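Okay, so here's the structure we're looking at.
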Amino acid sequence: MSKLKELFKNKSTDLCSVFFTSGFPELSDTTKIIEGLSKNGVDFIEVGMPYSDPLADGLTIQESSSRALAKGINLDIIFDQLKSIKNSNNTPLVLMGYLNQMLRYGEHKFCEQCAASGIETVILPDLPMIEYETHYKALFAKYGISNVFLVTPQTSEERIRKIDSYTDTFIYVVASASITGAKGEISQAQIDYFERIKAMNLKSTLIVGFGISNKSTFNTVCKYVNGAIIGSAFVKFLDQKGVDKIDEFVGEILN
């Protein structure tokens, strides 16, 4: 059983995940950030692969990706960094990026490196369902990798149920039909959306992302789903205060 599945087996509420951009603020910060988040009680960590055209990301993460790429980050470096802590890190890691990154790197090589690095779950927001069904489902299974699908307020019930049938880790519930980034408090329309998803009684763990930025928004969404991912707010925090203050950021969310 993967680390993430083991986590969900033992904990089903108030799951806290944090996203960060690999190689940001500094090229060598990837492992420091993972260790800091793990030490301070984050349940699982979303490791972002910097990309030149991150379609789902807002300005904060776009800028962090550009800066990381300018410093020389690439997939080989990311995988080497993850391998260096594979035996010491017990917190589940989820690798987030885009389909073209995997294609350019070589899909089999990418999967091999995921397995060698302790990555058992990936998020590729632009992976088409038909491509997953006809090709990547079998490929990922070969390497023991779980794929995470995203749903939005516009996703049909039929598609959500199909995604639920393919999911063996979690469904990424996009809080709003927009790009990543802090949006203020959770609106009534978003609450209605979360309640609609909850009422479907899906088998999968539900994790909300996009716009979760503080203790208030985290606690609000956790009333309706299993947990939430905090991304842009943490990336901004790292830029302002650095990796040595991670305990301060996580403490404000969880305590």
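Every read-out reported here was derived from the displayed coordinates using simple, explicitly stated rules and does not represent laboratory data. Small disclaimer: the values here were computed from a predicted structure and weren't measured. Glycine gets a Cβ as well: all are built from the backbone with ideal geometry, and neighbour counts include every protein chain shown.
A few remarks follow.
- Amide H contacts of residue 121: 95, 146, each under 5 Å away and 5 or more positions distant or on a separate chain (H built 1.01 Å from N in the peptide plane; Pro and chain starts excluded).
- Between residue 70 and residue 31, the simple label model (points 7 Å from Cα in the Cβ direction) yields a spacing of 2.6 nm.
- Of 189, 175, 228, the one that fluctuates the most in a GNM where the chain has Cα springs shorter than 10 Å: 189
- Among 204, 176, sorting on how many other beta-carbon atoms sit within 10 Å of each Cβ, with the fewest leading, yields 176, 204.
- Taking every C-alpha pair closer than 8 Å and separated by at least 6 residues, the mean separation divided by the residue count of segment 1-102 gives a relative contact order of 36 percent.
- Between the residues 61, 188, 240, the greatest Cα displacement towards the positive end of the dipole of segment 3-254, with unit charges on the Cβ of Lys, Arg, Asp and Glu, is found for 188.
- Springs join every pair of Cα atoms under 10 Å in this Gaussian network model of the chain, and among 63, 185, 158 the largest mean-square fluctuation is at 158.
- Computed about the Cα centre, the dipole magnitude for segment 112-180 is approximately 40 debye when only Lys and Arg (+1) and Asp and Glu (-1) carry charge, each at its Cβ.
- Helical contribution to [θ] at 222 nm, DSSP H n ≥ 4, -39,500 (n - 2.57), averaged over the chain, rounded to 500: -12500 deg cm²/dmol
- Above-threshold pairs, the threshold being 19 Å between Cα atoms, out of 9/32; 3/86; 11/198; 109/142; 39/86; 9/109: 9/32; 9/109
- Relative contact order of the chain, defined on C-alpha pairs under 8 angstrom at six or more residues apart (%): 24
- Listed residues 48, 118, 36, most fluctuating in the chain (Gaussian network, C-alpha, under 10 Å): 36
- In the set [x] -0.26, -0.64, -1.41; [y] -0.21, -0.53, -1.45; [z] -0.36, -0.71, -1.18, the label that goes with log10 I(q)/I(0) by the Debye sum over Cα atoms at q = 0.07, 0.11, 0.17 Å⁻¹ computed for this structure is [y].
- Computed from the C-beta positions of residue 254 and residue 157, the FRET efficiency with R₀ = 41 Å rounds to 0.80.
- Taking a ≥ b ≥ c as the square roots of the eigenvalues of the alpha-carbon gyration tensor, segment 16-68 is classed oblate because a/c is 1.5 or more while a/b is no larger than b/c.
- Approximate spin-label separation residue 87-residue 201, in nm, with each point projected 7 Å along Cα-to-Cβ: 4.8
- Stretching the chain fully between residue 104 and residue 219 yields a gain of 37.5 nm (0.36 nm per residue, less the alpha carbon separation).
- Estimated dipole of the chain in Debye, rounded to 20 [Cβ of Lys and Arg +1, of Asp and Glu -1, Cα centre]: 400
- For residue 5, the aspartates and glutamates whose Cα falls under 17 Å of its own Cα, not counting residues fewer than eight places away in the same chain, are 14, 43, 46, 120, 164, 168.
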